[in-house]
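The values are calculated or read from the model by the stated rules, or taken from the named source; none is laboratory data. What you are looking at is a predicted structure, and each value in this text was computed from that prediction instead of being measured. Methodologically, a virtual Cβ is constructed for each residue, glycine included, from the backbone with ideal geometry; neighbour enumeration extends over all protein chains shown. Keep in mind that these areas ignore ligands, DNA and RNA; they rest on the heavy atoms of the full protein, side chains included. Shrake-Rupley method; radii C 1.70, N 1.55, O 1.52, S 1.80 Å.
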Amino acid sequence: MKYLPTIGLEIHVQLKTRSKIFCGCPNEPGGEPNTHVCPVCLGYPGTLPNVNGEAIRLTVLTGLMIGCRINPYSKFDRKNYFYPDMPKNYQISQYDKPLCLGGSVEIEVEGRKKAVGITRIHLEEDVGKSMHFGSSSGVDFNRAGAPLMEIVTEPDIETPEEAQAFLLALRQILLYGGVSDCNLEQGNLRCDVNCSVRPEGQSELGTKIEIKNMNTFKGVFHALKHELPRQEEVLRSGGAIRQETRRWDDEKGVTEAMRSKEYAHDYRYFPEPDLMPVVLPPETVEQWRATLPELPAKRRDRLVTEYGLPDYDAGVLVADKAVADFFEETARASGNPKAASNWVMTDVLRCLGEKQTELKDAKLTSVSLAGLIRLVDQKVINVPTARELFSELFEKGGDPTELVKTKGLAQVSDTGALEAYADEAIAENPGPVADYRAGKKPALQFLVGQIMKKSRGKANPRMVQELLQRKLGGA
Amino acid sequence: MTDTFRDDASRLDVRYVAHLARLHLSDEEAAVFQPQLEQVLGYVRELGALDVEGVEPTAHAFPVQNVFRDDEVRPGLDHEAAMKNAPQERQGQFIVPKIIE
């Protein structure tokens, strides 16, 4: 019998605000433990939360980017539970009136497109971080009160590959919107995975297992690759799945049941009395909508039509917004989009990868790359020289025209000088010359190479080739 | 709202509620509080007799909404002050009994 998996995700995203959600403490990772704290985020009695309007805007912006309806009336609720990393013994969250409802994210797996539905997006506060010391645990509240957006999907995902594709697509959108840094190492994006399997032909979903707190996309993928067959195996051998929470052990490559709680969760949500409801006028929402960036899927289509790029190239370029921006700037400044795309896709991405750096930290500017492209187009330098210059521009920055001048790299297109080199090369290499004349065409490349060497790489290769063909007769 | 307050929960176990609040009740206390809890719940249940068809749930009594703060960093507590209430401290952190997952 075949078993069909059903997967839903809950993604927690730390929003990119300057201050925390309910107080003015800095919302930034790192820092010595308990140095970004105040009476509000430490949960002191008598303190009152004060909502950061930017957190509301970023959540709504996210909703608008993935086609959610913005709830005309939204409110905060208290979720009550005890855990040492949560100082108030309740978490301010949203229960029945979240900021955003509905929506979807388009994914593509093995050429098949599909929309993964979004149930809702709500806003809540992050909790502190705990560390374990032998017989006790330590808590750092720097992260407590960081604005956290929870995106809940419909159970529309059917394979581990789709789950991974969804997370990548969502991350790309969040980065485009400037909503979150989406830095996985820093825990900006964390994910709970709900999954079940059911026999083909059964419409009712199987019993759901939750895998908690995954912080890498690879982890989600591998956990599902392991967990779905495990559930199938239990059912095949006549067993039953018990609803439980499991944890993915990355080193062992297995999911394990977490110590089952004595009681099922009973959070006793009730409206947060300290916070007033959020009622967003349609004009405000429309104003925010007008600031939305062009989303990756749309940009990809535009790069194809506007610059005549192949689909694949456009896909590579839009994967990272900074790279796509850099490409467009270079394309416009150089007037040669195809060359700009080639440089960005090969040399720029390779150097970024080798240096483990990002465009914003690189010395290379779109202006200097465009200058380099123009120098090649105007035949001032040849491509190998341009490649050499590129490395220098990437490392140190600078103006390519100046560099060509100071280094004397301008290409030799002067026929007189080239003729002299060509005559020398022909005289010094009678063998290849004879080969070429006997019809061995590749011998010409050897001679071109000799001339390039004589010119110390500065000869215009096409002119050299034409010159040799003329001198040796026959094309 | 949640299971605790479900309308059809004819009897709410006081020990369950006490556990949620991390309160330890002696047998005597449980015996006293169980009927009291039921009395309170019975009183609240009288609301169930009202016809609230078409009435919006009221979360707040004040007609105030959209109270937001600008996204600005403001000074908080310095580390020493923040740790003053910690019964135990280690490496700048609040020490709590070992958390077991």
For the stretch A:455-468, which residues satisfy the criterion of being over 16 Å from A:A420 (Cβ atoms), open to solvent by less than 50 Å² (accessible area, probe 1.4 Å) and part of a helix (DSSP H, G or I)?
A:P461
Criterion (within 29 Å of A:E200 (Cβ to Cβ), away from chain B (no Cβ under 14 Å), within 23 Å of the chain's Cα centre (by Cα) and crowded, with 17+ Cβ neighbours inside 10 Å) met by exactly one of A:P160, A:P155
A:P160
Among the residues listed as B:E72, B:E53, the single one being part of a loop (DSSP other than H, G, I, E, B), over 24 Å from the mean Cα position of the chain (by Cα), farther than 29 Å from A:A144 by Cα and at pLDDT 90 or above
B:E53
Return yes or no: is A:E162 over 15 Å from A:A319 (Cα atoms) and assigned to a helix (DSSP H, G or I)?
yes
Scan the stretch A:37-92 residue by residue and report those that are basic (K, R) and free of Cβ contacts under 8 Å to residues at least 40 places away in the same chain.
A:R69
For the stretch A:297-311, give me each residue that is polar (S, T, N, Q) and in contact with a strand residue (DSSP E or B) (Cβ under 8 Å, 6 or more places away or on another chain).
none
Within the stretch B:78-101, the residues that are touching a Pro at 6+ places or on another chain (Cβ under 7 Å) and either farther than 16 Å from A:Y83 by Cα or surrounded by fewer than 16 Cβ atoms within 10 Å (Cβ to Cβ) (or both) are B:Q91, B:G92, B:I99
Of the conditions (1) under 30 Å from A:A362 (Cβ atoms); (2) open to solvent by 40 Å² or more (accessible area, probe 1.4 Å); (3) modelled with pLDDT of 85 or more, A:F390 fails just one. Which one is it?
(2)
Mind counting the residues in the stretch A:36-71 that are open to solvent by less than 20 Å² (accessible area, probe 1.4 Å), part of a strand (DSSP E or B) and touching a helix residue (DSSP H, G or I) at 6+ places or on another chain (Cβ under 6 Å)?
1
What residue, among those in the stretch A:20-40 that are within 30 Å of A:A169 (Cα to Cα) and of a type outside the set (A, V, I, L, M), is modelled with the lowest pLDDT?
A:G30
Residue within the stretch A:217-232 that is open to solvent by 50 Å² or more (accessible area, probe 1.4 Å) and part of a loop (DSSP other than H, G, I, E, B) present
no
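Residue-wise test of (1) modelled with pLDDT of 95 or more; (2) over 30 Å from the mean Cα position of the chain (by Cα); (3) within 28 Å of A:K298 (Cβ to Cβ).
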{"position": "A:H12", "(1), (2), (3)": "yes, no, yes"}
{"position": "A:R18", "(1), (2), (3)": "yes, no, no"}
{"position": "A:L42", "(1), (2), (3)": "yes, yes, no"}
{"position": "A:A55", "(1), (2), (3)": "yes, no, yes"}
{"position": "A:V60", "(1), (2), (3)": "yes, no, yes"}
{"position": "A:M65", "(1), (2), (3)": "yes, no, yes"}
{"position": "A:P84", "(1), (2), (3)": "no, yes, no"}
{"position": "A:P87", "(1), (2), (3)": "no, yes, no"}
So which residues in the stretch A:53-66 are under 16 Å from A:P277 (Cβ atoms) and in contact with a Cys (Cβ under 9 Å, 6 or more places away or on another chain)?
A:T59, A:V60
Test result for A:P277, at pLDDT 95 or above and of a type outside the set (D, E)
yes
From (1) farther than 28 Å from A:L292 by Cβ; (2) touching a Cys at 6+ places or on another chain (Cβ under 8 Å), pick out the condition that doesn't hold for A:G206.
(2)
A:R268 is checked against (1) among the charged types (D, E, K, R); (2) in contact with a helix residue (DSSP H, G or I) (Cβ under 9 Å, 6 or more places away or on another chain); (3) farther than 30 Å from B:Y16 by Cβ and fails just one. What number does that condition carry?
(3)
Give me the pairs: first residue in the stretch A:13-30 and within 15 Å of A:L61 (Cβ to Cβ) and open to solvent by less than 10 Å² (accessible area, probe 1.4 Å), second residue among the hydroxyl-bearing types (S, T, Y) and not in a strand (DSSP E or B), beta-carbon distance under 8 Å, and six or more apart or on different chains, which are they?
A:V13/A:T62; A:V13/A:S180; A:L15/A:T59; A:L15/A:S180
Hits in the stretch A:358-397 - residues which are assigned to a helix (DSSP H, G or I), closer than 18 Å to A:G457 by Cβ and among the aliphatic types (A, V, I, L, M):
A:L372, A:L375, A:V376, A:V383, A:A386, A:L389, A:L393
A:L123 is checked against (1) in a strand (DSSP E or B); (2) more than 13 Å from chain B (Cβ to nearest Cβ); (3) in contact with a helix residue (DSSP H, G or I) (Cβ under 6 Å, 6 or more places away or on another chain) and fails just one. What number does that condition carry?
(2)
Do we find a residue being within 14 Å of chain B (Cβ to nearest Cβ) and of a type in the set (V, I, T) anywhere in the stretch A:316-330?
no
Please verify whether the stretch A:286-305 includes one or more residues that are within 14 Å of another protein chain (Cβ to nearest Cβ), more than 28 Å from A:E108 (Cα to Cα) and surrounded by 13 or more Cβ atoms within 10 Å (Cβ to Cβ).
yes
Give the residue that is most open to solvent (accessible area, probe 1.4 Å), with candidates limited to residues of the stretch A:204-216 that are within 27 Å of the chain's Cα centre (by Cα) and farther than 16 Å from A:E256 by Cβ.
A:N215
